[in-house]
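Undergrad: Sharing a structure with you now.
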Amino acid sequence: MPADTRCRRPAERLRGDAGISTVELVIATPLMLLMVLLLVGFGLMVQGRSALDGAARDAARAGAMQRDYGTAGSEATRAARASAQGVCANGNVQVSTGGDWRSGGMFTVTLRCEVRGLAWLGITSGREMTSTSTAPLDTYRRTS
């Protein structure tokens, strides 16, 4: 009597596929983890960009509230460093100021730093970001 494949026991029929799920899991798990880490890294980059934009906005506003340009620059630098704390990889943010310092003019602040990204995992992104913000100076402010 010939052996019919329908009459075999299930364990005998599937013996050739044994362990294939384990192989698939071993291959797929590192790829999935890599994708999750990349998504987290890109999310941190977007968050860093947003925080740097907010720090530039705060610095421009703090500088525009001052009466003279020297004080405006130092207050903008102080506000930028306070707002950008924890955003930059090395903790250092470069601040440059400019604009038209007269009644009704504009005060501009530019911030530059290397955003952390995946630095918490030891992977340096080397992504330097720049953000610029401008705030108007009060038309009726006293300068003396």
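The values are calculated or read from the model by the stated rules, or taken from the named source; none is laboratory data. Computed from a predicted model, the values in this text were never measured in an experiment. Counting neighbours? That spans all protein chains shown, and the Cβs are built from the backbone with ideal geometry, glycine included.
Undergrad: Taking the stated definitions as given, is VAL115 surrounded by 15 or more Cβ atoms within 10 Å (Cβ to Cβ), of a type outside the set (Lys, Arg) and farther than 30 Å from TYR140 by Cα? Step through it out loud before you land on a result.
TA: On the way: surrounded by 15 or more Cβ atoms within 10 Å (Cβ to Cβ): yes; of a type outside the set (Lys, Arg): yes; farther than 30 Å from TYR140 by Cα: yes.
Spelling it out, VAL115 is indeed surrounded by 15 or more Cβ atoms within 10 Å (Cβ to Cβ), of a type outside the set (Lys, Arg) and farther than 30 Å from TYR140 by Cα.
Undergrad: A further question on this structure: Of the residues in segment 16-64, how many are part of a helix (DSSP H, G or I), free of Cβ contacts under 8 Å to residues at least 40 places away in the same chain and not β-branched (Val, Ile, Thr)?
TA: Within segment 16-64, residues that are part of a helix (DSSP H, G or I), free of Cβ contacts under 8 Å to residues at least 40 places away in the same chain and not β-branched (Val, Ile, Thr) number 22.
Undergrad: So, in segment 87-102, exactly how many residues are aliphatic (A, V, I, L, M) and modelled with pLDDT of 85 or more?
TA: 2
Undergrad: Looking at LEU44, LEU38, which is the one that is exposed (fewer than 13 other Cβ atoms within 10 Å of the Cβ), under 14 Å from the mean Cα position of the chain (by Cα) and modelled with pLDDT under 90?
TA: Of LEU44, LEU38, the one residue that is exposed (fewer than 13 other Cβ atoms within 10 Å of the Cβ), under 14 Å from the mean Cα position of the chain (by Cα) and modelled with pLDDT under 90 is LEU38.
Undergrad: Every residue in segment 47-98 that is β-branched (Val, Ile, Thr) and within 22 Å of VAL115 (Cβ to Cβ), please.
TA: THR77, VAL87, VAL93, VAL95, THR97
Undergrad: Out of segment 65-94, which residues are part of a loop (DSSP other than H, G, I, E, B) and farther than 15 Å from MET129 by Cα?
TA: Of everything in segment 65-94, those that are part of a loop (DSSP other than H, G, I, E, B) and farther than 15 Å from MET129 by Cα turn out to be MET65, GLN66, ARG67, ASP68.
Undergrad: Just for segment 58-104: of the residues that are out of contact with any strand residue (DSSP E or B) (no Cβ under 9 Å at 6 or more places or on another chain) and acidic (Asp, Glu), which one is surrounded by the fewest Cβ atoms within 10 Å (Cβ to Cβ)?
TA: ASP68
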